[in-house]
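Notes follow once the structure below has been shown.
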Amino acid sequence: MNTQACGLITVRLDVAAAHDEEFNDWYTLEHVPQLTALPGFVRTRRYFCEKSDIRYLAWYETVDESVEAAKDFQHIVANPTPWSLRMRKLYGERRERMNFKLMCEVGGTPVDAPWMYIVHTDIPDHIIDEYNAWYDKEHLPRCAAIPGVLRARRYMSTGILGGKSDSPRYLTAYELAGPDVWESPAAQLARKTPWTEKMRSLFSNTRRALYRLAAPTITHEQALAQKRVSVAQQFGGLAPEHAAADVPVA
């Protein structure tokens, strides 16, 4: 089923490098299937950026921005599994969850873009209309036409839970075929216009990062079909308080 994803939940988390393997297993075996099986979730994939302040990014595409506040998602948040409780202790305050609505999309529909360049920013309220016009009429189409750019999408935040309360409101994501695409001569030329120079001079609270794919897409249908995970069997060496019986993924 090719359901349109008009919403997005991003979750940035990090743990000490010594816990990376278990952290990724928790995400792959339990947490991503558990969430992606919920009503309103379309597909999920995960990314990693070694240079980011918070290295791991979970990218949950949803039918719209109302899914994050819906009872199914909030039930998972309020009733974490034993394994999720352990992970919460490990990542602590190194977290940020944001909810977005899609504002514009240009390009195809890649399943697993191997790289993604993300720009978060804020813009003064008095320039919002021009900012939106610049992005939709000039900047996003020019950037989506760069060789190696698979798709360009931009979003507006509807809420921030966890992390800094002053996180940027706007997010633009460029899905890329390779890590060098964004700094190619074609990309630099596409970004060199008078209108772009004007708008970028007004950016504030901006952060940029290049992410590589860490785990491939799982769709809502795949998550529904995935079998239950036995944490005790997967990590038999965990202390009793960390091991659990079969944990349902939905």
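General observations
- In the stretch 61-152, Rg over Rh equals 1.06, where Rg is the alpha-carbon radius of gyration and Rh the Kirkwood radius from pairwise Cα distances.
- Compactness of the stretch 160-224 - radius of gyration and Dmax, Cα, Å: 16.3, 49
- Simple spin-label estimate for D25 and D125 in nanometres, 7 Å along Cα-Cβ: 5.0
- Percent of Cα-Cα distances greater than 15 Å, calculated over the stretch 54-108: 63
- Calculated diffusion of the stretch 95-140, Stokes-Einstein form, Kirkwood radius summed over Cα pairs, 20 °C and 1.002 mPa s, µm²/s: 161
- Acute angle (nearest 10 degrees) that the helix 82-91 long axis makes with the longest principal axis of the chain, alpha-carbon atoms: 50
- Of the accessible area of the chain, computed with a 1.4 Å probe over protein heavy atoms only, carbon and sulfur atoms account for 54 percent.
- Annotation: per residue accessible area for the stretch 61-130 equals 50 Å², rounded to a whole number [probe 1.4 Å, protein chains only].
- Percentage, to the nearest whole number, of Cα pairs in the stretch 1-135 over 25 Å apart: 33
- The translational diffusion coefficient of the chain, from Stokes-Einstein at 4 °C and 1.567 mPa s with a Kirkwood hydrodynamic radius over alpha carbon pairs, comes to 68 µm²/s.
The values are calculated or read from the model by the stated rules, or taken from the named source; none is laboratory data. All of these numbers come straight from a predicted model, not from anything done at the bench. Counting neighbours? That spans all protein chains shown, and the Cβs are built from the backbone with ideal geometry, glycine included. The area values use the complete protein model at the heavy-atom level, side chains included, leaving out ligands, DNA and RNA. Shrake-Rupley method; radii C 1.70, N 1.55, O 1.52, S 1.80 Å.
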